[in-house]
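I have placed the structure first, in the form of structure tokens, so that the comments after it can refer back to it.
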Amino acid sequence: MIMKNTDIQIKNISDLKRLGYLIIDNFLTIRECETLLKTIANYRQKKYEVTEVYRPFKERDLRYFVINGQQIEKYLPEVWQLYENVNLLVNKVSSQVLFPLSNKLPAVNINIIKPGGEYRWHYDRNAVTALLYLNSVEGGELEMYPNYRLRFGRKNQQFTFIQKCLDAVVKLKLIRYFFGKKVFIKPRQGMIVIMQGDKCLHSVKALEGEQERINVVMSYDFPGVEFIVEKGLDSYLYTNQKGISSDPNYV
Ligand SMILES: O=C(O)CCC(=O)C(=O)O
Ligand SMILES: [Fe+2]
């Protein structure tokens, strides 16, 4: 079973709070990654659900394939187990008590980006996200502006109009250039990146070469957090449903 000892010594344990993100190389061994990749390949061979999502977007599109958390719980229990194990690590490095999301669809995902695919600029809706990279690829860097958000506060967990405006301003290329500090993280097999997803503006650069980019995206939050925007964002991220024009992260 893939079960990393979460008691590993982490030299840069304070990075999450200090920088907004933390990188642990070789969190999984090459062998563990290859085993997971094989399990995912078997899942795909059986023609279980993998949703293709393509939404053109200013500057960078959302173009990827995803296996959602409901499918993972049912058909890929080892990945669900990993999600629960990584929860311990996330609590340790954040010094917080966080939990898997109660909405299983976005809780843990396998993202598959094909050559030319990319992932739009965004904030995650949850507090902490762990990204586990199962292979090393050309291009497809995670680009991030850590701790780069002006917060106006939330009303009933719903983003206000003012928050939407603030986000739109800080996302502007020129504003990012002058006020942000961009970090590039090249996907390396077995590496895990833990970040404050709702504070770090991030995206994935277009993938180059021939190989697919496969990673596991694990989301955690405080107990009882519910997102009013949930239904809209779920169909935005996990389906190709038409007629969703604006970003349902905000209302
Ligand atoms: O794949 C990555 O590196 C980031 C994906 C991401 O930001 C997300 O799924 O929310
Ligand atoms: Fe994200």
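What to note about this one:
- Residues that are modelled with pLDDT of 95 or more and among the basic types (Lys, Arg) were ranked within the range 43-54; the one that is farthest from GLU143 (Cα to Cα) is LYS46.
Okay, residues lined up against (1) modelled with pLDDT of 95 or more; (2) touching a strand residue (DSSP E or B) at 6+ places or on another chain (Cβ under 7 Å):
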| residue | (1), (2) |
| --- | --- |
| LEU201 | yes, yes |
| VAL204 | yes, yes |
| GLU212 | yes, yes |
| ASN215 | yes, yes |
| SER219 | yes, yes |
| GLY232 | no, no |
| SER235 | no, no |
| ASN240 | no, yes |
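- Members of the range 197-222 that are touching a Leu at 6+ places or on another chain (Cβ under 9 Å), more than 10 Å from ligand 1 (Cβ to nearest atom) and not in a strand (DSSP E or B): PHE222
- Restricting the range 119-134 to residues that are closer than 22 Å to LEU36 by Cα and over 10 Å from the mean Cα position of the chain (by Cα), the residue that is farthest from ligand 1 (Cβ to nearest atom): LEU134
- VAL137 being buried (at least 16 other Cβ atoms within 10 Å of the Cβ), within 12 Å of ligand 1 (Cβ to nearest atom) and part of a loop (DSSP other than H, G, I, E, B): yes
- Residue pairs whose Cβ atoms lie under 8 Å apart, separated by 6 or more positions or on different chains, with the first residue in the range 15-43 and in a helix (DSSP H, G or I) and surrounded by fewer than 19 Cβ atoms within 10 Å (Cβ to Cβ) and the second of a type in the set (Asp, Glu) and modelled with pLDDT of 95 or more, are THR39/GLU78.
- Yes/no for LEU172 being surrounded by fewer than 16 Cβ atoms within 10 Å (Cβ to Cβ) and either free of Cβ contacts under 8 Å to residues at least 40 places away in the same chain or under 13 Å from the mean Cα position of the chain (by Cα) (or both): yes
- Tally, over the range 150-174, of residues that are closer than 21 Å to TYR119 by Cβ, modelled with pLDDT of 90 or more and among the hydrophobic types (A, V, I, L, M, F, W, C): 3
- Test for VAL53: is it in contact (Cβ under 8 Å) with a residue 12 or more places away in the chain and in a strand (DSSP E or B): yes
- Filter pass, ASN68 being touching a strand residue (DSSP E or B) at 6+ places or on another chain (Cβ under 9 Å), within 15 Å of ligand 1 (Cβ to nearest atom) and at pLDDT 95 or above: yes
- Hits in the range 69-84 (condition: surrounded by 15 or more Cβ atoms within 10 Å (Cβ to Cβ), out of contact with any Lys or Arg (no Cβ under 6 Å at 6 or more places or on another chain) and closer than 26 Å to GLY20 by Cα): VAL79, TRP80, LEU82, TYR83
- Hey, VAL97 at pLDDT 95 or above, touching a helix residue (DSSP H, G or I) at 6+ places or on another chain (Cβ under 7 Å) and under 22 Å from ASN26 (Cβ atoms) or not: no
- Conditions (1) within 16 Å of ligand 1 (Cβ to nearest atom); (2) basic (Lys, Arg); (3) part of a loop (DSSP other than H, G, I, E, B); number of the one not met by ARG151: (1)
- Test: residue in the range 175-189 that is more than 23 Å from LEU16 (Cβ to Cβ), at pLDDT below 95, in a helix (DSSP H, G or I) and of a type outside the set (Phe, Trp, Tyr): yes
- So ASN126, is it within 16 Å of ligand 2 (Cβ to nearest atom), in contact with a Lys or Arg (Cβ under 6 Å, 6 or more places away or on another chain), assigned to a loop (DSSP other than H, G, I, E, B) and touching a residue at least 60 places away in the same chain (Cβ under 8 Å): no
- Test: residue in the range 47-59 that is surrounded by fewer than 21 Cβ atoms within 10 Å (Cβ to Cβ), closer than 25 Å to LYS181 by Cα and within 14 Å of ligand 1 (Cβ to nearest atom): yes
The values are calculated or read from the model by the stated rules, or taken from the named source; none is laboratory data. Keep in mind that what you see is a predicted model, and the values were worked out from it rather than measured. Note that we place each Cβ from the backbone using ideal geometry, even for glycine, and neighbour counts take in every protein chain shown.
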